[in-house]
Each structure stands twice: as structure tokens, then as C-alpha cells.
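Below: the structure, in C-alpha cells.
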Amino acid sequence: MKSTPSQFLSQRVAEMPPSATLAMSALSASLQKQGLDILNLSAGEPDFPTPSLIIEAVQKDLASGKYFKYPPVAGYPELREAIAHKMQQENHLNVQPDQVIVSTGAKQSITNALCALLNPGDEVIIFSPHWVTYPALVRLMGGVPVFAIGEAKNNYKIKPEDLEKAISARTKAILFSSPSNPTGASFSREELQDLVKILLRHPKVVAISDEIYEYISFQGTHTSIGSFKEIADRTLTINGFSKAFAMTGWRLGYLAAPPSLAKACEKIQGQMTSGANTLAQRAGIAALKYGKKVYLPMVKAFQERRDLAIESLEEIEGLRVPKPEGAFYLFPDFSAYLGKRYRDHVVDTVEDLSKYLLKEVQVATVHGQAFGCPHALRISFATSETVLKDAIARIKQALANLA
Ligand code: PMP
Ligand code: GLU
């Protein structure tokens, strides 16, 4: 009998969905390559190059020839010290350098955290709408995702009672991003305080806080849940360089955790990756050194694009467009267009709508179902103003053609 490649796959990998965000970005890149005029609003990636100050620092490091051997698994001490210093000063976390584990991206840090924490059947409460990767990784690590769903009228943020309802005897952790991918909503200090009050009643629940969009904040303040002393010893804070420093390809992230969990993450990396690329780590040291000077101009541009995109989208009848407080995504509600027809097709779901926009007007978006929301499409404004304007004009036209 002939074997089929898929018969050898483990069940957990066979059941794992591919990343919907990366799949859409890859599809639009391949259509562009075929010569189609695709306007890509699907990418969760800054369109800016990595700032030249960072590149110049790494060029010197490369020329020195000193960085071609395995680095320490948890990261260069200089980088771990710089990260701990940043977290103490900016995030008010009581973090020592040996509690910082540098990784090959925030994605790897989340994987490490879940791998270190979960036993089979442990539940992880994911605040939803959620980044596509969270449930996939929880399941891969043997856990069970449980969704606490934020309502549109609360800017998609969950309320304390939603958290309380989701907690069970099997809850091991909560996992969320603030600012959020896909909604851009950010929890204020007061909102986090209310969530912390619930966690205080459940001392076995760990908080995993994904703060990768921290610097891309349009309200100027960011609160880390780990700054609440009452839960600091059971909080893992994740961050990275991809977004604010336009360093997606360098693959560099980190996590700060209580000492035993940090050690566990180091052990995992010692068996899985041997740590992050040396020159990427050197780039991380430069990025933290230059800080605001390199990321603020990009954040300013993101804010201008957000405002421009909201203005254009609000001209489209029936759309509801919440205003993101951070990150670079809009998450408008397209309910008014679901159930409408185009020729023989009915656009029943946001997935149908996203496909329709790609096929009819060559605009790439990511459908909200991938983030646990059946009414929205995610629109990234990490692209030029021209692309944004043209793409939204095309969306408007395509929606007008639905009857
Ligand atoms: N968390 C969130 C919420 C994200 O949107 C992303 C997207 N890349 C990541 C983590 C992963 O970032 P990294 O590139 O550092 O792996
Ligand atoms: N995080 C980005 C996004 O949501 C990049 C792709 C990915 O890693 O998911 O689009």
C-alpha cells in the first residue's frame, strides 16, 4: 500500500490550523508576484525598514567577528541587563536580569511560557477577540483554550465578571495582549486593577501578559499587569522588538518571569533553539539604547494613518469602526454586509467577505473569525497612506456592489 505524507503526522500537529495572518500575507505576496495589483492590508508588520542607527551598530558588531559562536541560551548578559532595566524603569516591574529570557521572538516566548506551565487538560483563559496564535499554541502544549469574550460596546475589552465566569478549577493561566491584536484596545490601570482583584481570589492562576505593542500606543500610557505587586510573583511579561523597532525579520523577543519559570524557559530553549541569533541580540541592545529616538517617528506615522483610515472607513454606510488605542490594526464591524449577494454568491460570513474583497477588488484583509469574532475584518494600517486610501476606496466600491 502506498503511504500518504499526512498519515505520519502527529494528531496535535494535524489538528493545528496554520496561522491565518501569515497565510493571508503569503497569499497576497504570491498574487503580487503573479502580477496582480494587490493592496495588502493583512500584514501585521511595519512597512518601515529597521532604523539605520540599529543597522549601523550591528554592522560594527559583524565586522568585529566576535559574535559567531553560540550565545548563552538565555541571551547575552548585556541584553538581559538592558531589558531588566527597561522593565524596572518603564513598566515598574521588579525584574532582575536573571529573570529575563531572550528568545527568537515573542511567539517563541509565548511558546516557552505555555510549555513551562501546562499539564494536559489545563485551561488557559484567552481574552477574545484574540491573536490567532494563542489558541493554537495552547492546544499544541496540551492545554484547553477557554475564551472570555469582550463586547464591541466595551471596545472589545473583557469585564471582571467575564473573567470570573471563565475561571474553573482547571484554570492555569490567563493570556492576553494589551494593546490588543486585533482590536488595538488597551487596558487602563483601573481596568487592570479590577481584573487583578478577581485574580486575587484565585491564587493558582498565572497571568501571561503579551505587551509586544506597548510602544505603539496612541494614548501615551501603558500599564503592565505585572506592576501590581499582589500578583507580580505569578505574572509573565512578554515583549519583543518586531513591532515598535520594525525588526520582524530579526526574530527577537523576550519574557520576564518569576525565577523558577524563567529557569524552566531557559531549559526549554536549551533543548529547542539554543537561544536567539547573536547579531539579532546585538541589534536588540542598540534598539534599547536608542529607544524613543528610533520608534517615536514610526508611532507618529501609525497614528496619522489610523486617523486617516478611520475617516475614510466611516464614510462607508453601515460600518462601525472602533478607535484603536494602540497597535496598527482596525477591526471594523461589517455585520451590515453579511447575507448580501454578489451575482450567484451569498456573502454569509466574514471569511466570505474577505475572499470577496481579495477576488473582486484585490484588497487583502484578515477575517475576524480567525480572531474569534464573526462580524469584523482586520485591517492593518502598517502600510503607506496611498495604499490605505486606495484600498479603502476599493472596499467601498466592492461593498456598494453587494445587494
Ligand atoms: N504577540 C502578538 C499579539 C502579535 O501580534 C505578534 C505578531 N508578530 C507576536 C506576539 C509575535 O511577535 P514576534 O515577531 O516577536 O514573534
Ligand atoms: N502578528 C502579526 C499578525 O498578526 C504577524 C503575523 C503573525 O505572526 O501572526 O499579523
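The values are calculated or read from the model by the stated rules, or taken from the named source; none is laboratory data. Since the model is a prediction, treat every value here as computed from it, not as a measurement. All Cβ positions, glycine included, derive from the backbone under ideal geometry; neighbour counts span all protein chains shown. Only protein heavy atoms, including side chains, enter the accessible area calculation; ligands, DNA and RNA are left aside. Shrake-Rupley method; radii C 1.70, N 1.55, O 1.52, S 1.80 Å.
The helices (runs of 4 or more DSSP H) found wholly in segment 1-78 and carrying at least 3 residues that are farther than 19 Å from Thr365 by Cα occupy 11-14, 52-64. Among the helices (runs of 4 or more DSSP H) confined wholly to segment 93-185, which include 3 or more residues that are out of contact with any strand residue (DSSP E or B) (no Cβ under 7 Å at 6 or more places or on another chain) and away from ligand 2 (no atom under 16 Å from the Cβ)? Where helices (runs of 4 or more DSSP H) fall fully within segment 93-185 and carry at least 3 residues being out of contact with any strand residue (DSSP E or B) (no Cβ under 7 Å at 6 or more places or on another chain) and away from ligand 2 (no atom under 16 Å from the Cβ), they are 160-166.
For Gln89, indicate whether it is out of contact with any Phe, Trp or Tyr (no Cβ under 9 Å at 6 or more places or on another chain), open to solvent by less than 70 Å² (accessible area, probe 1.4 Å) and at negative phi. Considered against the rule, which asks whether it is out of contact with any Phe, Trp or Tyr (no Cβ under 9 Å at 6 or more places or on another chain), open to solvent by less than 70 Å² (accessible area, probe 1.4 Å) and at negative phi, Gln89 comes out as no.
Ala43 meets the conditions (1) within 16 Å of ligand 2 (Cβ to nearest atom); (2) loosely packed, with under 15 Cβ neighbours inside 10 Å; (3) in contact (Cβ under 8 Å) with a residue 24 or more places away in the chain; (4) of a type in the set (A, V, I, L, M, F, W, C) in every case but one. The failed one is (2). One residue alone among Leu313, Leu296 is open to solvent by less than 50 Å² (accessible area, probe 1.4 Å) and not basic (Lys, Arg), and that residue is Leu313.
Screening the candidates Leu388, Leu330 for the property of being buried (at least 21 other Cβ atoms within 10 Å of the Cβ), within 30 Å of Gly35 (Cβ to Cβ) and within 19 Å of the chain's Cα centre (by Cα) yields one hit, Leu330. Screening segment 338-351 for residues that are outside any strand (DSSP E or B) and open to solvent by 50 Å² or more (accessible area, probe 1.4 Å) and picking the one that is nearest to Ala29 (Cα to Cα) gives Glu351.
May I ask you to verify whether Gln271 is polar (S, T, N, Q) and either open to solvent by 70 Å² or more (accessible area, probe 1.4 Å) or at pLDDT below 95 (or both)? Criteria met by Gln271. For segment 240-254, state whether one or more residues are more than 14 Å from ligand 1 (Cβ to nearest atom) and either in a helix (DSSP H, G or I) or open to solvent by less than 10 Å² (accessible area, probe 1.4 Å) (or both). For segment 240-254, residues more than 14 Å from ligand 1 (Cβ to nearest atom) and either in a helix (DSSP H, G or I) or open to solvent by less than 10 Å² (accessible area, probe 1.4 Å) (or both): absent. Taking each residue of segment 124-147 that is free of Cβ contacts under 8 Å to residues at least 40 places away in the same chain and looking for partners that are of a type in the set (Val, Ile, Thr) and away from ligand 1 (no atom under 14 Å from the Cβ) with beta-carbon atoms closer than 6 Å, six or more apart or interchain, yields Val138/Val124; Gly143/Val124; Pro145/Val124; Val146/Ile125. Given the structure, is Leu261 at pLDDT 95 or above, outside any helix (DSSP H, G or I), touching a strand residue (DSSP E or B) at 6+ places or on another chain (Cβ under 8 Å) and closer than 17 Å to Ala106 by Cβ? No, not satisfied.
Within segment 109-141, the set of residues being open to solvent by 30 Å² or more (accessible area, probe 1.4 Å) and not hydrophobic (A, V, I, L, M, F, W, C) comprises Asn119, Pro120, Glu123, Arg139.
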